Structure formats: C-alpha cells, structure tokens
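Participant: Here it is, the structure in full.
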Amino acid sequence: MTPRARSAVVTGGASGIGLALARRLAGRGIAVVIADRDDAAARSAVLDLRADGANAHGIVCDVTDSDDVSALAERATSLVGDVDVLVNNAGVGPGGVTWEMSPAVWRWTLDVNLWGVVNGIHAFVPGMVDRDRGWVINVSSVAGLRAGAGMGAYAASKHAVVGLSQSLHLDLGLARSAVGVTVLCPGFTATRMNESGRAWDVRRYGPPPAGGLLPGHPATRERFLARMEDAADPMAVADVALNAMDAGRFWALPDRTFENEIPEALRR
C-alpha cells in the first residue's frame, strides 16, 4: 500500500470482524478509532486494546446518519491525526422470505449496509485524495457475489457494496490517486451478525418484525444457524483483508472457493 499507515477508523469496530481488524491494525502500531453505535461495547474494546499497549479510542457513531459520520471524521482527526485507513465494516444481517420482508427491514438494511459505506466515503476519502495517501476497506460478503435464500435485503445491500467499491476504485484511478480500495467478501464468520436486532432503531423504523430478524423460513433459519457452527475466525478474516491491502489488491476473499463467483471482466 501507500506509505506506512499511522491511523485508522473502523466502523462497527466493537465486535466481530471490525474488532478483529482493529486488533490487527493496532498490532502494527497504528492508532485506531473504533466507531460503533454500542457505547458500552466500544468502551470495552478500547480498554482491551489499550491493555495491550495500543493507541485506541472509541466514538459513538450511527453510520446511517451522514452528519454523525462527518462528526466522526472530525473527531477522529483531532484524536489520531489524518486518517490513513478507513474500514467501512458496520453491517446488519436480517433475513426473511423476500416477498414477506417488510419495507422497514429493507430500509434499515440498506441504510446501514449501503448508506453507511457511502457516508464513510464522503466523510473520509476527500481528505485522503487531497493528501494522495490512504486506503479504504469496504466489508461486503460472499452474499455480495452469490445470493442465498432468506437474505434478499442483505444480499442486495452487499452486492451494492461490491459495485460501489469497484466504482470508487475506478474513480480513484481516473483521478490518478494513490488512494487504494479493497473489498472484503467473507463467508460465514463467528460474529454477532445473528444478533443484528440489537441495532434496530425503533424510533426510525417502528417495531421490529414479530418473527425476529434471522432468516424467516424455518428451514432457512435452521441451515443458517447450522452453518454458523463452522464459522470462520474473525482474526483470520482480518488477516486476509490486511494482506490484500498490503499487496494493493482489490479483492479479499477469505474463502477462495468463491473466487469463481467474480465475473471474469472484474478480476485483476
């Protein structure tokens, strides 16, 4: 990648893949800002990182709110200086039969998984371009390459993140910018994604679905939970993402069996 990174911001960084990336970045001596809606979880994560000697900070942030993300960028800069690495990781994973998923679930999923990335790009990338250094890691999913049953809104949002990342990469190339982009597409990983309902905003979206936010059809739910038992280690997923960043690669696929899902025209 570009000259050695000194600071990073990780959204949704208090747990799962986000926290794993924060740990790996901090282990490189990079100052890390964890942004998360869950204040208590962010504080706990920061304390753990600091106990290991890391320069870590936590900021409460709702990635669906562009003003909140702009404030995150300003606050992070005041804490750790110019941000060299942005990890757009915050995400939710509701499920349900496609034609039965409520408009509220669709809006919530796209607000977090897609607009959260858009807001991060708008808040951080202009400064990176001005400095001609930095890297963006957008966390998508293998569901952004191959959709599955019971995850219509999630798959749509993650396909959108892949497309957005490709366009960002090409735009930066046209601008002859040294800023790079990696899109991370993990498979089933041992995270709290099946607890996405904890992030549901009742004030904005109304009461959550009566059946919960896991895949709605019983057979789909059963398969989903069974696959979680063999889920990947978030630290291993983080390593794949950072290895791709180090090598200047766009694609980061922890499960190499999905490489064939990338259209030939989009491989490099």
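The values are calculated or read from the model by the stated rules, or taken from the named source; none is laboratory data. Small disclaimer: the values here were computed from a predicted structure and weren't measured. Glycine gets a Cβ as well: all are built from the backbone with ideal geometry, and neighbour counts include every protein chain shown. Accessible surface is based on the protein model in full, side chains and every heavy atom, while ligands, DNA and RNA are left aside. Shrake-Rupley method; radii C 1.70, N 1.55, O 1.52, S 1.80 Å.
Participant: Take the alpha carbon atoms of the range 143-172, find their center, do the same for the range 23-100, and report the distance between the two centers in whole angstrom.
Facilitator: Taking the Cα centre of each part, the range 143-172 and the range 23-100 sit 21 Å apart.
Participant: Rounded to the nearest percent, how much of the accessible area of the range 1-156 (1.4 Å probe, protein heavy atoms only) is carbon and sulfur? Before the final figure, lay out each step's value.
Facilitator: Values: 3060 of 6070 Å².
It is 51 percent, rounded to a whole number.
Participant: With a 1.4 Å probe and all protein chains in place, put His169, His159, His122, His57 in order of accessible area, largest first. Don't jump to the answer; show the numbers that get you there.
Facilitator: Details: His169 60, His159 80, His122 140, His57 35 Å².
Most to least solvent-accessible, the answer reads His122, His159, His169, His57.
Participant: Based on the alpha-carbon gyration tensor of the range 33-161, what equivalent-ellipsoid semi-axes (square roots of 5 times the eigenvalues) come out, in whole Å, largest first? Before the final figure, lay out each step's value.
Facilitator: Details: eigenvalues 163, 59, 35 Å².
Semi-axes (√(5λ), whole Å): 29, 17, 13.
Participant: Any idea of Trp135's accessible area? Nearest 10 Å², probe 1.4 Å.
Facilitator: The accessible area comes out at roughly 20 Å².
Participant: Normalised by the number of residues in the range 46-159, what is the relative contact order in percent for Cα pairs under 8 Å and 6+ residues apart? Each step should come with its number before you reach the end.
Facilitator: On the way: 135 pairs, mean separation 36.9, N = 114.
About 32 percent, as a whole number.
Participant: Moving on. Quick one: ranking Ser102, Ser140 by accessible area, 1.4 Å probe, largest first, what do you get?
Facilitator: On the way: Ser102 40, Ser140 5 Å².
Per-residue accessible area, sorted high to low, gives Ser102, Ser140.
Participant: Oh, and also: Take every Cα pair under 8 Å in the range 1-86 that's 6+ residues apart, average their separations, divide by the length, and report that relative contact order as a whole percent. Please list the in-between numbers first.
Facilitator: On the way: 147 pairs, mean separation 28.0, N = 86.
Computed over the range 1-86, the figure is 33 percent.
Participant: When only the heavy atoms of the protein chains count and the probe is 1.4 Å, how do Val202, Val10 rank by accessible area, highest first? If you can, show how the numbers build up before the last one.
Facilitator: On the way: Val202 85, Val10 0 Å².
Listed by decreasing accessible area, they come as Val202, Val10.
Participant: Next question. What nm distance separates the two modelled labels at Asp67 and Leu174, each placed 7 Å from Cα along Cα→Cβ?
Facilitator: 3.2 nm
Participant: Still on this structure: Express the accessible area of the range 118-170 per residue in Å², computed with a 1.4 Å probe while the remaining protein chains stay in the model. Intermediate values should be presented prior to the final figure.
Facilitator: On the way: 1790 Å² over 53 residues.
Spelled out: the 1.4 Å probe surface of the range 118-170, per residue, equals 34 Å².
Participant: Suppose all protein chains stay in the model; what accessible area per residue would a 1.4 Å probe give for the range 1-51, in Å²?
Facilitator: On the way: 2010 Å² over 51 residues.
I get 39 Å² per residue for this part.
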